[in-house]
Every structure is written in C-alpha cells, then in structure tokens.
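The values are calculated or read from the model by the stated rules, or taken from the named source; none is laboratory data. If you're wondering where the values come from, they're calculated on a predicted model, not measured in any experiment. Here the Cβ is made from the backbone with ideal geometry for all residues, glycine too, and neighbour counts use every protein chain on show. Accessible surface areas use protein heavy atoms only, side chains included; no ligands, DNA or RNA. Shrake-Rupley method; radii C 1.70, N 1.55, O 1.52, S 1.80 Å.
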Amino acid sequence: MAALTRATKANYVIHDRIEAETTDREDHTFCGIMFPVRCKDTLPIDHVVINSVAVRGALGPLTVWVTKEAVNGEISMSKKHWTKVYEKTHKPSFASYKELEFASNPVIMRPGQVRGMYIHSTLRGDEAIVYDNKQKQKTHDDSFITILPGRAHVSERAFGSVPIWGWGSAWRDNREFVGQIKYGAVYRLWNPSSNLSFGGNFRSAARILFLCQRRVESPFSKLPDDCLFYILNMMRWDWLDDTSCAMRREQKRRRRLERGREQQLEQQRMVDAERGAPAHAMEGDMEEDVSGEVVEEDRDTDAVLGVDDEEGDDGMDEDSSDDEEDADSSDDDSGVESAASDEYAWGDHVSSRNQFVYQDYESTDSDDDSEEEEEGVGRRRRFVMMRARRSIHQFLRHH
C-alpha cells in the first residue's frame, strides 16, 4: 500500500547545519542592512528553512524583517509589506558574530523564490551593524541559496525615511550583508512528475531500471511499476554520484537550447510576417511547434519508460558617502507609496520610499554570457599568438 501513496517531499531537515558566511572587510557600520536572498533550484529540494542570521557591531535593540516573495525583481520598501520575525536587545559584539535565532518562526523559501531580509537596530549612533561595499554580483553563492547585494539603512527608526543627520536619503545602495545565515534544506523525493528535477545519473538509472523490468529474463520483470516507483522514491538524489556542479552545467545547456529555440521561433515569426501570413495562423504554427517539436524532444531525451505516462580601510568607517555616489537603483518616478500609514515626513528624500530593484543573476543568462565571453577572449588570444609566431618565423627565414 505504501507504494501507492508515495511521499513528494522528505519529512526531515538535513542534520548538518549549513552556514552561509559572507566576506567581512569592515567597510562600514550603521543602523541596518537590507538584502535579497534567493533559493536556488539547481538541486531537487522542496524548500529551504532559514533559522537564524548572525551580525556583529554595537548591536543594541535588533529586529529582523522578511518580505513575501519579490515580484518582477522589485522589493517594496514600505513597512506594511514586511513581517517581523525577531526582536531582542543585544550587548555589543565587535569581534564575533551574534546569532539572531528565530527557529520558532522560520523563513521558508521555495526553489526559485526571492525574499528580502532586513536587519535593523534602533541604537543611537552609527556603529550598530557592520556591512560592506558591493564588490561582486553575488555576496554569497552555494548549492542552495544566493545572497545578493542590497541597501544599507542610516536611520535610527525601522524603515525610517529620514537619516540621522536630518536630510538626504536614508538608504545607501550597493552595500553587502556581513555575517552568517544558518538554514536547512528539505529534499524533494522522486516521483514521475519530478523526474527532470534530478541529475542525469539518477534519470539514467531510472530509465535502465524500467528497461530491465520490460525484459522477461530479468528478475525485475516480476515487480509491478508501483514497486519500482517506491524504490526510486526512497533514493536520495546524490546516491548515484550526481553533483550540484554537474546539474548546474546541465541547466546551463538546457537554457542555451531554449534560447536557441526562441531565436528560431522569432526568426520564423519575422519570415511569416514578411510573407503576409495572418496573425492567427502564425500563433497556431507557434503553438504547434512548441507542443509538438520541443516537448517531444525533451520527452525523448529525459523520459522514463512507463513513468511519464502515469503523471503528466583599517577599522570600521562611518557610511557617510555622498548621495551622488550612492544613487538609488530604481527610477524616481516608480511606485511612491500613497497609503496613509506611509505618509512622508519633513526631510524625506524623494527616493527614500522607492522599490528596491535587484538583479537576479540566477534567472538570467549572465553566467552563460560571461562563460561565452571568456571562451571568445581565449580564442582571440590564441589567434593573436599564432599570428605573432608566424611573423617571427617569417622574419627568421628572411634574415
């Protein structure tokens, strides 16, 4: 009976506590730091559970806030869109990180989801929380989560729009979180509908298992499909030597193929438009191409026999940079909150309530483009060296 009621996710959180620790250059200290966190979909995980964060500095009365899922690469800076998950007063801790644990109210993130985290202190002064200047596109990146650069806050009031000196913007863009994030991951269990979420070795083993079951001379032929489903359901994703790096490369190749198909479809649309084909005919052809060729090709390469039919500076400096240096990343004309609870106070900066626009490098092809650019640079370098060698040989022959 258990074979007929297969679980879709593991009922445990991995026992090893994962620490995502960022770099620490001691660039700045001030009242708070806000940054996006993305749950990656490279591995077959059901969700990630963030239990605590750790920061250092003068600390004081600390609060931790999280948003719901970010939409269209934007995070609202309005307090009404944030939920407070932690509040406590701490003693100063300049040398070591102080853990802020909220295991009773954890932050749960699904694969591909992006949520904002905001850590703030109401301690007077500018030494509450340590953070850094932005140095790279990703503050931290591992197999499960990605921490992206965010904004520093220079107001002593949570989500305040007036800095401590009374004028200008209370937010500083291009800043990085300094500290640790501790979390666990709940893995997804194999089912026919989630076959493509697993690595190539796992999918190959599943395919071979069902091929053996179809042979009369094989002992597996005595087992029904449901028993094989249950066996695969109880196997971990990495038992067949699949790695996160290999699965990441496979996802990149898949994205390249999808990008090539989209370019072909776009070219076909342009050709049909030049020929004067009706718009509804073009849409029908496109749907037929997508549902017929693309899906069938994926089904032929990754399907499992009998499976897919079942379920379809030294020291710390005050962050007092000029407003021109820390220009906001979003347009001034986009989204000013008009609710009564978010009315502007005297001294508010014109962009202090704008949406925070972040760059989700995982969902774009930036990694693929950078790799292709590196390959192109390497080819050009080899070509230049060959020409130089040929010129040297010709010079030596003539002299």
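Some observations on this one:
- Alpha carbon centroid spacing (whole Å) that separates region 112-162 from region 37-107: 9 Å
- Electrostatic tally near V178: other residues with Cβ closer than 10 Å to its Cβ, Lys and Arg +1, Asp and Glu -1, net -3.
- Highest-first arrangement of 378-385, 247-254, where packing means the average Cβ count within 10 Å: 247-254, 378-385
- Accessible surface of region 22-74, 1.4 Å probe, proportion on carbon and sulfur as whole %: 45 percent
- Ranked packing of 187-198, 113-124, most packed first, by mean Cβ within 10 Å: 113-124, 187-198
- Within a straight-line Cα-Cα reach of under 30 Å, K84 can be paired with the following lysines, leaving aside sequence neighbours fewer than 8 residues apart in one chain: K9, K40, K68, K98, K134, K136, K138, K182.
- Near-label residues of region 103-126 by backbone N, under 17 Å of a point 7 Å along Cα→Cβ of I164: 119-126
- Largest accessible area first, the residues C245, C31, C227 order themselves as C245, C227, C31 under a 1.4 Å probe with ligands, DNA and RNA left out.
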